[in-house]
Amino acid sequence: MYQTKVATPTQVLAEATSKNKVYSRKKAIKEALKCVLEIELEQNPYLRRRLEEEKEKAKQQKEEERKQKLEAYKLKKQISQKERQERLEKNKLLAQHRDKLRRASKKRAKETVETQQAMSKKEIKRLLESEGHLMNAAKRRRLEDKLK
């Protein structure tokens, strides 16, 4: 079997404290444990191999987690891009519909103006008498100006 250096815990603590000038007891204990671990690893190749395997496993696991996070980020980005595209399409359709309604409204307004302009003086007089009190002042004035 492998032999280890025999030292009391206080000796190990004292050595760790003096060696690294560590003043807190907690840090000194950690340093002492590191020293003991180093000694064990030097003398026991099986433990060294196990530790290396554990480190390799931890490294691989970290790499897997990083890949999963990256994949999740890409997927999230792709979804948000699709949503943005859908919003743009929807807004485009709404804008087209608004333009269509606006053009139709302008066309109706133009037609009413043309029909009013085409009215004869007799029709204008009759319109003013029948609906003059319902019209707004500007429209009534325009019609009265046409009569003159």
(message) Just checking, does the range 53-61 include any residue being within 28 Å of LYS146 (Cα to Cα), modelled with pLDDT of 85 or more and surrounded by 10 or more Cβ atoms within 10 Å (Cβ to Cβ)?
(response) no
(request) Would you mind stating whether LEU37 is surrounded by 10 or more Cβ atoms within 10 Å (Cβ to Cβ), at negative phi, in the same structural domain as ALA14 (by TED's automatic domain parsing) and of a type outside the set (Asp, Glu)? (result) yes
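The values are calculated or read from the model by the stated rules, or taken from the named source; none is laboratory data. It should be emphasised that the depicted structure is a prediction, and the values quoted were computed from it without experimental measurement. Glycine gets a Cβ as well: all are built from the backbone with ideal geometry, and neighbour counts include every protein chain shown.
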